[in-house]
Amino acid sequence: MNWPEFHNSAVILAPERLVLKRGRWRRIAIGVRYGLMLDPRGKPVLIDTGYGPLATEGPDRSAMLKLYGMVLGPRLVRDELPAAVLARHGFVPDDVARIVLTHFHPDHVAALRDFPSARIVASGAAWRRIAAMRGHERLRHAVFTELLPPGLASRLEPIEERPAVQAPLGLGVGWDLFGDGSCLAIDLPGHALGHFGLAWPKRDRPLLYAVDTQWLSAAVFGGRLPGGVARLVYADEDLMRESAAKVRRFAEAGGEVMFCHERVDA
Ligand SMILES: [Zn+2]
């Protein structure tokens with residue numbers, strides 16, 4: 001495993017109108033990805049955690065988290081959850097050195113508690129803002145404290161403290177995750193507080209994991225960025241549009257782009 005591999009932790013049923021301009025109100029099946037890669041020492045590093053039982057079926061979930069689940073109807077793909085995938089590679093959860101959190105939405109943090117010894121690489125600026133928020137402000141940003149492990153702050157490694165290096169194909173400056181130029185964090189603001197993607201510039205064809213810049217590639221590449229009800233979800237719609245344009249330029253320059261959510265068979 002030289003490069004990241006991605007797995008679908010769950011399938012959600014989202015109204016098409018929420019994720020695609022001129023989409024219909026019928027629900028479409030969409031995957032919820034997370035990634036797995038190895039650091040230079042060969043230790044596993046997760047890229048988000050995907051959905052997990054704590055977010056989708058925990059009996060003690062708050063009313064708001066239950067409501068969030070009802071809107072999106074996530075169904076877990078059990079044998080694709082991180083612990084199962086790690087086991088197939090011969091790893092146990094404690095082997096995970098780091099978890100790169102691209103942002104703090106439930107479908108990216110839900111399994112954090114399964115990895116109590118992993119360091120957490122995330123936007124320090126976003127974390128400081130979230131930590132200072134009142135409960136209702138966090139909910140407005142779809143941040144559910146109940147999914148975040150206690151002591152997260154002491155395990156946090158702010159992405160901004162990594163060396164800044166030039167990223168390929170017009171992505172601007174990135175933060176060098178491992179200090180060897182193999183994987184760069186790319187600022188892609190707009191979808192959520194502190195949202196960033198990851199780029200692998202040394203691949204034959206550079207890859208950008210653009211996470212939730214948009215939910216469907218058709219929105220970015222087919223000129224169908226959703227407005228309307230989707231505006232309730234964006235942290236900043238103007239920044240989202242700029243980030244989508246950045247991703248589009250990267251693809252036009254020859255880069256490969258992948259998002260967290262794409263349509264799957266139900
Ligand atoms: Zn998100």
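The values are calculated or read from the model by the stated rules, or taken from the named source; none is laboratory data. It should be emphasised that the depicted structure is a prediction, and the values quoted were computed from it without experimental measurement. Counting neighbours? That spans all protein chains shown, and the Cβs are built from the backbone with ideal geometry, glycine included.
Within segment 129-148, the set of residues being part of a helix (DSSP H, G or I) and under 15 Å from Ala235 (Cβ atoms) comprises Arg129, Ile130, Glu137, Arg138, Leu139, Arg140. Residues considered: Ala132, Ala118. Of these, the only one that is surrounded by 22 or more Cβ atoms within 10 Å (Cβ to Cβ), small (Gly, Ala, Ser) and over 25 Å from Glu262 (Cβ atoms) is Ala118.
For Arg33, the conditions (1) more than 23 Å from Leu208 (Cβ to Cβ); (2) within 16 Å of the ligand (Cβ to nearest atom); (3) not small (Gly, Ala, Ser) all hold with the exception of (1). So is Phe178 in contact with a Pro (Cβ under 8 Å, 6 or more places away or on another chain) and surrounded by fewer than 20 Cβ atoms within 10 Å (Cβ to Cβ) or not? Yes: the conditions hold for Phe178. Only helices (runs of 4 or more DSSP H) whose full extent lies in segment 149-266 are considered here, and the ones with at least 2 residues that are within 16 Å of the ligand (Cβ to nearest atom) and touching a helix residue (DSSP H, G or I) at 6+ places or on another chain (Cβ under 9 Å) are 217-221, 237-252.
When each of Pro44, Pro74, Pro53, Pro93 is tested for being surrounded by fewer than 22 Cβ atoms within 10 Å (Cβ to Cβ) and touching a helix residue (DSSP H, G or I) at 6+ places or on another chain (Cβ under 7 Å), the lone residue that passes is Pro93. Ala253 - would you say it is farther than 27 Å from Val121 by Cα and buried (at least 20 other Cβ atoms within 10 Å of the Cβ)? No, not satisfied. If you go through segment 94-110 one residue at a time, how many are within 16 Å of the ligand (Cβ to nearest atom), assigned to a loop (DSSP other than H, G, I, E, B) and of a type in the set (A, V, I, L, M, F, W, C)? So the answer is 3.
Taking segment 35-54 as the range and being assigned to a helix (DSSP H, G or I) and in contact with a strand residue (DSSP E or B) (Cβ under 9 Å, 6 or more places away or on another chain) as the test, only Pro53 passes.
Residue-level check: of (1) out of contact with any His (no Cβ under 8 Å at 6 or more places or on another chain); (2) modelled with pLDDT of 95 or more; (3) in a helix (DSSP H, G or I); (4) of a type outside the set (Val, Ile, Thr), Phe91 misses just (3). Inspection of segment 125-132 identifies at least one residue that is in contact with a strand residue (DSSP E or B) (Cβ under 7 Å, 6 or more places away or on another chain), within 16 Å of the ligand (Cβ to nearest atom) and not charged (D, E, K, R). For segment 67-74, the criterion of being touching a Pro at 6+ places or on another chain (Cβ under 9 Å), in contact (Cβ under 8 Å) with a residue 60 or more places away in the chain and closer than 26 Å to Arg205 by Cβ is met by no residue.
Only residues that are assigned to a strand (DSSP E or B), at pLDDT below 95 and among the basic types (Lys, Arg): list them for segment 2-34, please. Selection gives Arg27 alone. Checked against (1) under 21 Å from the mean Cα position of the chain (by Cα); (2) at pLDDT 95 or above, Leu72 passes all but condition (2). Output the residues belonging to segment 227-247 that are under 16 Å from Ala142 (Cβ atoms) and either polar (S, T, N, Q) or more than 18 Å from the chain's Cα centre (by Cα) (or both). The answer is Val229, Arg231, Leu232. Among the residues in segment 127-145, are any of a type in the set (D, E, K, R) and under 26 Å from His7 (Cβ atoms)? No, there is no match, as no residue in segment 127-145 is of a type in the set (D, E, K, R) and under 26 Å from His7 (Cβ atoms).
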